[in-house]
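Written out below as structure tokens is the structure these notes cover.
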């Protein structure tokens, strides 16, 4: 009985090791021998049909052993797969990790999202031991179709004469189609929120695991949300980050003050960016019935990050479409207080002045906007906004003048600039309110003519 107990112990604790295979094969031989009354293992070999049966059984055991060593579970399509690979030195510690740490982590993640968002995949101990580097984690991510791999080790050591638990964890995020440089940046963000090495006394193992589980859960949801944002899945990013922010915003844990401060700060910044993207998505749909959503997301972005000038620009646009011109100007001036030299803000301010027919103020502000290094996509948005306005309000062809300025200086599209200036001069040459602008447009036309002649 002692021998059988030893085999069972080896099967339970060393199944994935070669020693476990040897124990399984030997145990199979003993079981076959036991079915023949009064016969030992040497008698078994004399009965060819039993020997053949044993070879089949040995082959099945070998196949199962190889399958258990090589098989990796796959993440289900439509889920965010999180693979956990934490190696421990003893079977007892492996079970403690699974029961006190990983089970709680799985429960916390899955229960919060009804099990429909995340799938937690836990590697067994021998496979976890094979994940030592980022390249190993990347290969596991590919093989298991997981978006996030958390790997590391759990060890017990003596530190200053006291039994201490050391948990070392690292993270790789690969939410497709994230480029490698973004993946590395996400890993660095994870490290800020979850230190690579956590120590706690063995005597305080359970509370140590509880704190670590909470920190890991929060850091993982945050990083996966950022990965979703980078890959363009704004709705998922918002879902994860809004849920996490609502969970932690009122929590107070003195032992985790630094972690919470970093997490809240990161969340507020990310949520502000996500709200801006969501607002822009609804605005760019050109469905002006979505203005309520644009306004709602812009307000949320403003409340998350008071230093976000774009939220005020979007609120100004909403006010403009509601014909609240004073309200639109107020929002633009608030944005200007935050970013006085931002091109998008200055172009917005100039537009409101021009629309209000405060042409001299608009001229001055357009001059400042043109001197900024405004990105080409922003300049194009400014131009499209004005052309859309002319389509909706055909009597506002006086905006041909700022369109000429934008194409002349910001886009350097001299042909289009010439067309806009010429249309403006032809239509408003006798308008007393626009005398100064007509004069400047003629000067610009002469300059453009000179440029055209010199290029021939």
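The values are calculated or read from the model by the stated rules, or taken from the named source; none is laboratory data. In this text the structure is predicted, and so the values were computed from the model without any measurement. For neighbour counting, all protein chains shown are included, and Cβ atoms are generated from backbone atoms with ideal geometry for every residue, glycine included.
Beta carbons closer than 6 Å, at least 6 apart along the sequence or on distinct chains, pair a first residue in segment 336-348 that is within 17 Å of residue 359 (Cα to Cα) with a second that is surrounded by fewer than 19 Cβ atoms within 10 Å (Cβ to Cβ) for 346/368.
Hey, does segment 363-382 have a residue that's over 40 Å from the mean Cα position of the chain (by Cα), assigned to a loop (DSSP other than H, G, I, E, B) and touching a residue at least 60 places away in the same chain (Cβ under 8 Å)? No: segment 363-382 contains no residue that is over 40 Å from the mean Cα position of the chain (by Cα), assigned to a loop (DSSP other than H, G, I, E, B) and touching a residue at least 60 places away in the same chain (Cβ under 8 Å).
Tally the residues that are farther than 18 Å from residue 322 by Cβ, surrounded by fewer than 20 Cβ atoms within 10 Å (Cβ to Cβ) and touching a helix residue (DSSP H, G or I) at 6+ places or on another chain (Cβ under 8 Å), restricting the search to segment 354-363. Going through segment 354-363 one residue at a time, the tally reaches 5. Taken over segment 185-234, the criterion of being in contact with a helix residue (DSSP H, G or I) (Cβ under 8 Å, 6 or more places away or on another chain) and surrounded by fewer than 16 Cβ atoms within 10 Å (Cβ to Cβ) is satisfied by 192, 201, 206, 210. The conditions of being surrounded by 16 or more Cβ atoms within 10 Å (Cβ to Cβ), under 24 Å from residue 100 (Cβ atoms), at pLDDT 85 or above and over 23 Å from the mean Cα position of the chain (by Cα) are met by residue 131. Of the candidates 237, 246, 298, 219, the single residue that is under 24 Å from residue 334 (Cα atoms) and modelled with pLDDT of 80 or more is 298.
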